[in-house]
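Inspection log for the structure reproduced underneath, given as C-alpha cells.
The values are calculated or read from the model by the stated rules, or taken from the named source; none is laboratory data. The structure presented is a predicted model; accordingly, all values stated were derived computationally and were not measured. Glycine gets a Cβ as well: all are built from the backbone with ideal geometry, and neighbour counts include every protein chain shown. All accessible areas refer to the heavy atoms of the entire protein, side chains included, with ligands and DNA or RNA removed. Shrake-Rupley method; radii C 1.70, N 1.55, O 1.52, S 1.80 Å.
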Amino acid sequence: MNIYVLLKKTFDTEEKIVVSNGQIEDDSAEFIINPYDEYAVEEAIKQRDEHGGEVTVVTIGDEDSEKQLRTALAMGADKAVLINTEDDLEDGDQFSTAKILETYFEDKDADLILAGNVAIDEASGQVGPRLATRLGISYVTTITGLTISGDTAQIEKDVEGDVEKIECPLPLLVTCQQGLNEPRYPSLPGIMKAKKKPLAELEIDDLDLDEDDLEPKTKTLEIFMPQEKQAGRVLEGEPDAQVKELVSLLKNEAKVL
Amino acid sequence: MSEKILVIGESRDGVLRNVSFEAIAAAKKIKPDSEIVGVLFGAKDLQEQGEEMIKYGADRVVAVKHDKLDVYTSEGYGQAAMSVIKEENPYGIVMGHTAIGKDLTPKLASKLESGLISDATDVELDGDKAVFTRPIYSGKAFEKKMITSGIVFATIRPNNIPPLERDDARSGNVDLKEMDITDIRTIIKDVIRKASEGVDLSEANVVIAGGRGVKSAEGFQPLYELAEVLGGAVGASRGACDADYCDYSLQIGQTGKVVTPDLYIAVGISGAIQHLAGMSNSKVIVAINKDPEANIFNVADYGIVGDLFEIVPMLIEEIKQLQ
C-alpha cells in the first residue's frame, strides 16, 4: 500500500505562548510533531506492517522541520519529504497549504493519506478535507479505528462522543483522533536507522507553483493574549460553610446559578 | 436587492442545535443589512426546523429533502450544499463549528476555492469588513482574522455568540427542495451512542470536569449527578482519561475539547498547562482540590480546598435546595 502522512510541527504543549510585536514568539520554543499527527504516523506504520508497502511522511515547513521528519522516520516511516516554503512564501493559509499538497500529490497514486484531526496551533482542521476534495478522494475525519481489507476500509469515527461505523473504498484520506492508537517512542536502533533514510527537500518551484498561485484567501490582522485571569478567592471555614458560601457566591456575585 | 448570507443549520435527534441560532446572530453581525437564508438538509422535520430558524432571525429557509440526507455524509451534504450555494450566490456562509461543521465546511471551501475562518468566537465590523476573533494554541492566544477575497465563510464556536431573541411573530418561507444525491462512497453502517444523554460538552453552559483526584470510574458518579442538577455536561482531564476513568471523548485540554461554558467546576484536577488551555476562557471557574498548591487555583474564581468526595455531595444538596 502506498501510504502518506501529513505532518506539521507545533509548539510543545508545555510551552507558554508569548506575543511580541504582534507575533507569536518562537525563537526559544521547543517544537514537536503535532500530537494528533503522531497518531497518524503510528497508524500508517501499523497499516504498512500489516499490508506491506511504504510510508512517506510529508511536511510543509522550513529547514528546522527536518527534526520532526527524522522523528517520524525513527518511529518507522520509510521516507520523508520536506516542502520548504521558507524563502518563497511570506503568508499562507489553509487554501495555500492544500494547494501545495494537491500539486505534490497529483501523480503520487496514494492509497491512504493520514493526517491529524487538527494541529494544536492553528486548529482549523481544514487541510485534510480540503486536500481530499481537491484530489477527488473520500475522507473521514476524527477516526478512532481503522481496518483495511482489500480496497475497503472499515472505520470508527468519533462524533462528539458517539461512534459511527463507516465503510469506505480506497483511496481515502483520514484524520486521526485521540484513542486511535498509542504512538510509539522511537527506539535507539530506529533513531540510528532514521539518519540514513531518504529525506527529499522540495521548493514550490519544483512543484511548478509560484507565490501568485498560493495567494491566501484570509489574513491575520492581530494576535493577542487573552486577559490574564486573576487568581480568585480560596474559601475558608468548615466544608459545609464553604459549600454554602460557594453556592451563594455563584448565585449572587457571579450570577451563574 | 440585499446580499445574502447562508446559515447552515444542524439538528440532533430532530431538534435544531442551539449553535444554528447562534450562527444566525453571527450572520447578522457579518452584514447587518443582509438577507439571512437558513439552509437545512435532511429527510424529515424540515418544515418545523425551518420555521424555528425564522423565529430566531432567518428571513427565509431553503431545505433540501432526501432520504440520503437523513444521516450526515460529507458527500451527501456536500452535493446539497453546493447546489444551494450556486443557486443563491451568497455574500457569506456561516455554520456551527461542530463535528458536522468541521467536516463539511473545508469541503465546500475547497470546491468554492474560498477562504474559511474556523472556530470563530466573535465577529465585529471594521468598516464593512467582518473581522473574526478565534482562539489559537487552544486558547493560549487569540487572533483576529478576515477573508480577503471571495465568500465570507466562517464556522463559529458554540456557546460564544448569543442567539437573537426568539420572536414567535416572525414568519417567512420554508422552501422544501428535492434533488438528486448520487455517488455516496462513505457508508454509515451503524452509530453507537456513547455520549451521555442530554447536553453536549462543547455546547454546555455548565461543565463539571474530573481529574485524577476522582480516583476511579465510579468516582465520576457524583460529578454526573452534579451535572444533572445543574443541567450541564461532564468532562475530564487527560489524566482521568489515560487512567481509564472515562472515555477520551470527554477530554478537555490542548488535545481534546476546548470549552467555554458560563460555569466550569474542576474537581480533583491539578491544572496542567495543557488542561488550562482547554478551559481557562470559561466565564466562571470553580476549583475543588485537596492540594492547596494545585495550579488550578491560579485560574479559579472560587476555590475550595478539601476532599471532593465530601464536598461534591454537599454541593449537590445545596444546589437542590436552592432550586
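The rows are residues; the columns are (1) in contact with a strand residue (DSSP E or B) (Cβ under 8 Å, 6 or more places away or on another chain); (2) of a type outside the set (Asp, Glu).
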residue	(1), (2)
B:242	no, no
B:246	yes, yes
B:249	yes, yes
B:259	yes, yes
B:265	yes, yes
B:273	no, yes
B:298	no, yes
B:302	yes, yes
From the residues in the stretch B:285-299 that are outside any helix (DSSP H, G or I) and either open to solvent by 10 Å² or more (accessible area, probe 1.4 Å) or out of contact with any Phe, Trp or Tyr (no Cβ under 9 Å at 6 or more places or on another chain) (or both), which one is nearest to the other protein chains (Cβ to nearest Cβ)? B:299
Output for the stretch A:151-178, where each listed residue is surrounded by fewer than 17 Cβ atoms within 10 Å (Cβ to Cβ) and either of a type in the set (S, T, N, Q) or modelled with pLDDT under 95 (or both): A:152, A:154, A:162
The stretch A:52-87 - residue that is β-branched (Val, Ile, Thr) and open to solvent by 10 Å² or more (accessible area, probe 1.4 Å) and, of those, nearest to residue A:10 (Cα to Cα): A:60
Assess whether residue A:186 counts as being farther than 30 Å from residue A:160 by Cα and under 23 Å from the mean Cα position of the chain (by Cα). yes
Residues that are basic (Lys, Arg) and within 30 Å of residue A:154 (Cβ to Cβ): does the stretch A:200-223 have at least one? no
Would you check if there is a residue in the stretch A:179-188 being at the interface with chain B (Cβ under 8 Å from one of its Cβ atoms), surrounded by fewer than 24 Cβ atoms within 10 Å (Cβ to Cβ) and either under 27 Å from residue B:251 (Cα atoms) or touching a strand residue (DSSP E or B) at 6+ places or on another chain (Cβ under 7 Å) (or both)? yes
From the residues in the stretch A:95-109 that are free of Cβ contacts under 8 Å to residues at least 60 places away in the same chain and open to solvent by 10 Å² or more (accessible area, probe 1.4 Å), which one is farthest from the other protein chains (Cβ to nearest Cβ)? A:107
Go through (1) touching a Gly at 6+ places or on another chain (Cβ under 9 Å); (2) farther than 30 Å from residue A:156 by Cβ; (3) of a type in the set (Asp, Glu) one by one and return the number of the condition residue A:42 breaks. (2)
Could you check residue B:48 against (1) open to solvent by 10 Å² or more (accessible area, probe 1.4 Å); (2) under 21 Å from the mean Cα position of the chain (by Cα); (3) of a type outside the set (A, V, I, L, M, F, W, C) and say which number it fails? (2)
May I ask you to verify whether residue A:220 is within 12 Å of another protein chain (Cβ to nearest Cβ), touching a helix residue (DSSP H, G or I) at 6+ places or on another chain (Cβ under 8 Å) and either farther than 21 Å from residue A:1 by Cβ or of a type in the set (Val, Ile, Thr) (or both)? no
Please find, among B:118, B:110, B:138, the residue that is free of Cβ contacts under 8 Å to residues at least 12 places away in the same chain, crowded, with 24+ Cβ neighbours inside 10 Å and either within 13 Å of chain A (Cβ to nearest Cβ) or hydroxyl-bearing (Ser, Thr, Tyr) (or both). B:110
Unique residue being open to solvent by 20 Å² or more (accessible area, probe 1.4 Å), assigned to a loop (DSSP other than H, G, I, E, B) and within 10 Å of chain B (Cβ to nearest Cβ) when the list is A:229, A:196: A:229
Elements of type strands (runs of 3 or more DSSP E) in the stretch A:121-176, at least 2 residues being more than 8 Å from chain B (Cβ to nearest Cβ): A:138-149, A:152-159, A:172-176
Determine whether residue A:135 is at pLDDT 95 or above and crowded, with 23+ Cβ neighbours inside 10 Å. no
Identify the residue in the stretch B:148-179 that is more than 16 Å from the chain's Cα centre (by Cα), among the β-branched types (Val, Ile, Thr) and within 14 Å of another protein chain (Cβ to nearest Cβ) and, among all such residues, is surrounded by the fewest Cβ atoms within 10 Å (Cβ to Cβ). B:148
Qualifying residues in the stretch A:5-23 (those that are within 19 Å of the chain's Cα centre (by Cα) and in a strand (DSSP E or B)) - the one nearest to residue A:122 (Cα to Cα): A:10
